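The values are calculated or read from the model by the stated rules, or taken from the named source; none is laboratory data. The model shown is predicted, which means the values in this text are computed figures rather than measured ones. Positions of Cβ are generated from backbone atoms using ideal geometry, with glycine treated the same way; all protein chains shown enter the neighbour counts.
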Amino acid sequence: MSFEPLPRAFRDDLAACDRGSCHILDLGCGTGAAWTQELRIAQPVGMDRFPPRMGTVAAVVGDAIRAPLRSAAFDLVVASNLLRHLLPNAEGADLISGWQDLVRPGGALYLFEDEPEGAPAGVRNYRDLQAFLARVDPGHRGALVSLVTFRTWCDRWGGAENWQTGLMRNEMTADTDAVIEMLRGSGSAPEGEAARLIAAIKTDGLNYGRFWWAAWHRAPREETE
């Protein structure tokens with residue numbers, strides 16, 4: 001899914017990149033549909049565990065838990081709705097430090113994660129959808145991670161003060177038809193949870209609700225020497 005609007009901090013870092021020499025990494029890129037036109041124009045390098053023949057736009061195939069990439073190679077590293085899927089199989093601190101290691105001096109790491117809290121029916125449907133997908137495919141999907149949980153992890157790792165964070169309303173429109181087709185193919189019995197989700201989405205729609213973002217910046221080289 002996409003996030004819109006993108007936080008001002010991210011837009012500023014993207015604008016500061018020299019488009020001729022700026023290197024951007026999209027971790028867990030999938031089909032490449034997770035980003036607005038603004039980022040696609042910047043032509044990020046996509047990395048995914050699935051190769052292009054399986055529907056991704058990955059230029060690099062590998063596991064983001066230990067990305068097979070050179071240290072300090074990217075001006076911007078972006079992980080969109082990826083953290084929650086990897087944490088059950090990775091030590092959080094090692095995972096984050098590995099992503100930080102990919103960032104050049106003066107560059108940044110950005111994390112984006114859904115946080116569809118609240119009572120509106122469409123938001124509830126999206127939250128229930130994510131919980132359902134995590135249950136039926138636990139090997140590839142994880143439960144939603146809140147910003148509060150992320151900040152708690154940062155405190156545990158000893159680096160909360162090094163992160164800039166924010167919480168925003170996602171204004172993107174969900175493709176309910178595509179979601180319903182996916183649920184129909186999930187293998188759930190007609191009287192099962194997938195059928196109930198389909199009925200709820202048809203009645204009340206689907207709304208992404210909120211998302212949170214977190215940014216970590218590596219100090220410029222002259223500050224590290």
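Of the candidates Leu95, Leu111, the single residue that is over 20 Å from Arg135 (Cα atoms), in a strand (DSSP E or B) and either of a type in the set (A, V, I, L, M) or in contact (Cβ under 8 Å) with a residue 24 or more places away in the chain (or both) is Leu111. Whenever a residue of segment 46-71 is touching a residue at least 24 places away in the same chain (Cβ under 8 Å) and under 19 Å from His23 (Cα atoms), its partners that are part of a loop (DSSP other than H, G, I, E, B) and of a type in the set (A, V, I, L, M, F, W, C), lying with C-beta atoms within less than 6 angstrom and at least six residues away or across chains, give the pairs Val57/Cys29; Ala58/Cys29; Leu69/Leu102. Between Ala64, Ala90, Ala119, Ala73, the distinction of being at pLDDT below 90 and surrounded by 15 or more Cβ atoms within 10 Å (Cβ to Cβ) belongs to Ala90 only. Just one of the listed residues (Gly166, Gly185, Gly106) is on the phi > 0 side of the Ramachandran plot and of a type outside the set (Lys, Arg), and it is Gly106. Regarding segment 43-54, can at least one residue be identified that is in contact with a Leu (Cβ under 7 Å, 6 or more places away or on another chain), among the basic types (Lys, Arg) and either closer than 27 Å to Arg8 by Cβ or part of a loop (DSSP other than H, G, I, E, B) (or both)? Checked against the condition, which is being in contact with a Leu (Cβ under 7 Å, 6 or more places away or on another chain), among the basic types (Lys, Arg) and either closer than 27 Å to Arg8 by Cβ or part of a loop (DSSP other than H, G, I, E, B) (or both), segment 43-54 yields no hits at all.
So that you can scan it fast, the table gives a plain yes or no per residue for (1) in contact (Cβ under 8 Å) with a residue 60 or more places away in the chain; (2) part of a helix (DSSP H, G or I):
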| site | (1), (2) |
| --- | --- |
| Gly118 | yes, no |
| Gln130 | no, yes |
| His140 | no, no |
| Val145 | yes, no |
| Arg151 | no, yes |
| Asp155 | no, yes |
| Glu161 | no, yes |
| Gln164 | yes, no |
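Taken together, Ala200, Ala195 contain a single residue that is modelled with pLDDT under 95 and among the aliphatic types (A, V, I, L, M), which is Ala195. The number of residues in segment 168-189 being surrounded by fewer than 14 Cβ atoms within 10 Å (Cβ to Cβ) and in a strand (DSSP E or B) comes to 1. For segment 100-109, what are the residues that are of a type outside the set (Asp, Glu) and either crowded, with 22+ Cβ neighbours inside 10 Å or more than 17 Å from Arg151 (Cα to Cα) (or both)? Within segment 100-109, Leu102, Val103, Arg104, Pro105, Gly106, Gly107, Ala108, Leu109 meet the criteria. Looking across Ala195, Ala134, one residue alone is of a type in the set (A, V, I, L, M) and either in a loop (DSSP other than H, G, I, E, B) or surrounded by fewer than 16 Cβ atoms within 10 Å (Cβ to Cβ) (or both). It is Ala195.
Number of residues in segment 1-38 that are modelled with pLDDT of 85 or more and either touching a Ser or Thr at 6+ places or on another chain (Cβ under 8 Å) or closer than 16 Å to Ala79 by Cβ (or both) equals 16. Total residues in segment 6-29 satisfying the condition of being in a loop (DSSP other than H, G, I, E, B) and surrounded by 14 or more Cβ atoms within 10 Å (Cβ to Cβ): the figure is 7. Would you confirm, using the coordinates I've provided, whether Gly32 is over 26 Å from Gly159 (Cβ atoms), surrounded by 15 or more Cβ atoms within 10 Å (Cβ to Cβ) and either β-branched (Val, Ile, Thr) or in contact with a strand residue (DSSP E or B) (Cβ under 8 Å, 6 or more places away or on another chain) (or both)? It is true that Gly32 is over 26 Å from Gly159 (Cβ atoms), surrounded by 15 or more Cβ atoms within 10 Å (Cβ to Cβ) and either β-branched (Val, Ile, Thr) or in contact with a strand residue (DSSP E or B) (Cβ under 8 Å, 6 or more places away or on another chain) (or both).
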